[in-house]
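J.: I'd like to ask you about the structure that follows.
What follows draws every value from the coordinates through simple rules; no lab data is involved. In this text, all values refer to a predicted model and were calculated from it rather than measured experimentally. Backbone-built Cβ (ideal geometry, glycine too); neighbour counts: all protein chains shown.
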Amino acid sequence: MGGYIREIFTSIQGEGIRVGQRMAFVRFLGCNLSCNYCDVPECQKKDGPFLYNRKIYPNPVGLDFILDKITEPVVAITGGEPLLQPLFLLDLCNELKKMNRIIYLETNGTLPGAFEMVAGKVDIVALDFKIPSATGRPGMWKKHEEILKLAAKKEVFVKMVINENLIPRELEYTVSIIEKVDKNIPLVIQPVFGRRISNLLDIQKKAMERLKDVRIIPQVHKYLKLE
């Protein structure tokens, strides 16, 4: 089975609780959302070439073609939205496990059925809660909660990308869902790159009234001008 992949590259993890850790990145094509702050709009459609080492290859690509290009012990599977290709993702995870790789899955948290298919294969879950004031899209709180429950036994954290328009009830919904599942699950507040948010510390303090671990972490790779 082939999959639609945008690129494979090595860099540091620029977001979340593993920030600074060196990883191989496998970026999937296709997304079911189109957030206002999306920094890879070319991945929103399941269309386009596979890029590797400045060379262009046609999609879809087979597992054998990409596995030898994954050279780091930790593999970040990102997108787009990887869970839109659950069967290929499952095959990829199975092969990576045979290679003793640690699998770090980044997901927008809107496809609980697909996540359940691969949950047993991933080690770390970076789960985006999509905040309407930042994404420009309706909230998907119920789906976020479903996936968080499925991921709770993993190393999981919730990432909340915000801008200066954050509405208090959005923070309330996010905190309530995490608290209901496990208040020890870290919440990462990630400001949209290049936007000034004057009340960041107040937002963090409010969340810390009910959660054990709340961190403010920007997109470090962008400040370092890395992929």
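J.: How far, in degrees from 0 to 90, does helix 86-98 lean away from the longest principal axis of the Cα atoms of the chain, to the nearest 10?
T.: 80
J.: Between the helical axis of 141-151 and the dominant principal axis of the chain, each derived from Cα atoms, what acute angle in degrees is found, rounded to the nearest 10?
T.: The helix 141-151 is inclined about 60 degrees to the chain.
J.: Separation of the stretch 194-208 and the stretch 116-164 by C-alpha centroid, Å?
T.: One Cα centre to the other: 20 Å.
J.: What dipole magnitude, in Debye to the nearest 20, does the stretch 1-138 give about its Cα centre under +1 on Lys/Arg Cβ and -1 on Asp/Glu Cβ?
T.: In total the dipole reaches around 140 debye.
J.: Express the relative contact order of the stretch 2-158 as a whole percentage, based on alpha carbon pairs under 8 Å and six or more residues apart in sequence.
T.: Averaging sequence separation for qualifying contacts and normalising by length gives 21 percent for the stretch 2-158.
J.: Peptides 7-15, 53-61: what's the order by average Cβ count within 10 Å, highest mean first?
T.: For the peptides 7-15, 53-61, the packing ranking is 7-15, 53-61.
J.: Calculate how steeply helix 168-181 sits against the longest principal axis of the alpha-carbon atoms of the chain, using the helix alpha-carbon long axis, and give the answer as 0 to 90 degrees to the nearest 10.
T.: For helix 168-181, the angle is close to 70 degrees.
J.: Semi-axes of the stretch 2-158's equivalent ellipsoid from the Cα gyration tensor, sqrt of 5 times each eigenvalue, largest first, rounded to whole Å?
T.: 23, 18, 15
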